[in-house]
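Trainee: My questions all concern the structure below.
All of the numbers you see were taken from the coordinates with simple rules; none came from a lab. In this text the structure is predicted, and so the values were computed from the model without any measurement. A quick note on method: Cβ atoms are made from the backbone with ideal geometry, for glycine too, and the neighbour counts reach across all protein chains shown.
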């Protein structure tokens, strides 16, 4: 006869969150209390390692300056130095580099493009337009200039340059790009795709046509073809920020959050100061339950926008969830550290704690930990009794547990609190059909 195992004492998520909330508001919580919070798993699980991703430059400013000094007439070496200065917003030194390159290479359209691209990054669209005009005057098919004009950033000035170049060179790529953008703006997506295909046959080296084709496909709901177009545009020009951004948003809308985060990470690599891309990078990791990577992305964002309102609410949630998970896995010391970080970002825990518990409720449900999921949602209700989303999440968990009546009751309560909740209404319709 087999021995009957003695069940281990469990501590519920509700009890755990109570202790953690007390810690949030009373920093003198004892070590023994935190130790008790670590014992709520009955079965040991493999510890998760939270990885912090840091943006570290491969080369220093001195390295770039030294390389440029050794090759003063090498336009590529000078471009690398100028781009490094741009990434650190050292605009004056960047100007010195590009103006020196332009003086040395007045007939090279690349030199004009470099200067114009820097001015556009600075927000000086008038000077950027002038440089782009000079680049296209030297080479009406200059790929880099046409691609940046196609992107839509600084759209008014860029569109003007494209139109002027199209008039001067009616058979050049600028004329095709202008026409395709007009089709996109008017909603003639099929025509935009046809024109893009024809333009690619005539100008196969220009990734701008591929990018615009992807936009048209996406507007038509042809998501796979749009994704393929964006990827092709990136392959043709890895520095095409807009293609990376479009790909990131496409993946995000599909719920492929890890892939979305990687695409937004590419944008951040190309432009350290793109705060929106940094926010989406962190949000994508957050939605993918990659709490550590999410926290790292948002911590970096705060160096560029220290009072970002959404991050000031979401980053503490990520740290709180990490704290709960650390304690759940027996790492109480790291749990306390994560709590301290949450408080250092935003010590008004009432503003972010319900959201953190909602995320935990969903996370536990996806892992099949239904009791813990319910306890997390119950914690939200205790903190915020009128939270319709908590009742909706609770209903979904009950449904996964085959507790149909409890699920219906939760969704009905959610609708009482928020009659416009389409999600709760949809679940109720499914329940009634079943």
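Trainee: Per residue and in cubic angstrom, what volume does the convex hull of the Cα atoms of segment 278-331 have?
Mentor: Hull volume normalised by residue count: 65 Å³.
Trainee: Semi-axes, largest first, in whole Å: what does sqrt of 5 times each Cα gyration tensor eigenvalue give for segment 179-308?
Mentor: Whole-Å semi-axes of the equivalent ellipsoid: 30, 14, 12.
Trainee: Using alpha-carbon positions, what is the distance between the centroids of segment 303-379 and segment 186-264, in Å?
Mentor: 36 Å
Trainee: Once label points are set 7 Å from the Cα along Cα→Cβ at both residue 367 and residue 235, what is their separation, rounded to one decimal in nm?
Mentor: Distance between label points: 3.9 nm.
Trainee: Quick one: if you stick a label point 7 Å off each Cα along the C-beta vector at residue 254 and residue 430, how many nm between them?
Mentor: 2.2 nm
Trainee: Hey, rough spin-label estimate for residue 67 and residue 190, points 7 angstrom out along Cα→Cβ, what's it come to in nanometres?
Mentor: Simple spin-label model gives 5.0 nm for this pair.
Trainee: For all pairs of alpha-carbon atoms in segment 189-264, what percent lies in each bin of width 5 Å, listed from the first bin to the last filled one?
Mentor: Pair shares across the bins are 3, 20, 28, 25, 15, 6, 3, 0.
Trainee: If the chain between residue 303 and residue 383 were fully stretched, how many nm would it gain, using 0.36 nm times the residue separation less the Cα-Cα distance? Walk me through the numbers on the way to the answer.
Mentor: Details: separation 80, 0.36 × 80 = 28.80 nm, distance 3.13 nm.
Full-extension gain reported as 25.7 nm.
Trainee: Using mean Cβ contacts within 10 Å as the protection proxy, how do 380-388, 414-422 order, highest first?
Mentor: In decreasing order of mean packing, 380-388, 414-422 become 380-388, 414-422.
Trainee: List the extent of the Cα atoms of segment 352-434 along each of their three principal axes, largest first, rounded to whole Å.
Mentor: 34, 27, 16
Trainee: Here's something else I'd like to know. What shape does segment 56-139 have by the C-alpha gyration tensor, where a ≥ b ≥ c are the square roots of the eigenvalues, rounded means a/c under 1.5, and otherwise prolate means a/b greater than b/c and oblate the rest?
Mentor: Details: a/c = 2.56, a/b = 1.40, b/c = 1.83.
It is oblate, given that a/c is not under 1.5 and a/b is not larger than b/c.
Trainee: Here's a follow-up. Rounded if a/c is under 1.5, else prolate if a/b beats b/c, else oblate: with a ≥ b ≥ c from the C-alpha gyration tensor eigenvalues square-rooted, which is segment 302-397?
Mentor: It comes out oblate by the Cα gyration axes.
Trainee: Same structure, new question: Please compute the length gained on full extension between residue 122 and residue 224, using 0.36 nm multiplied by the number of residues separating them and subtracting their Cα-Cα distance.
Mentor: That works out to 33.2 nm of additional length.
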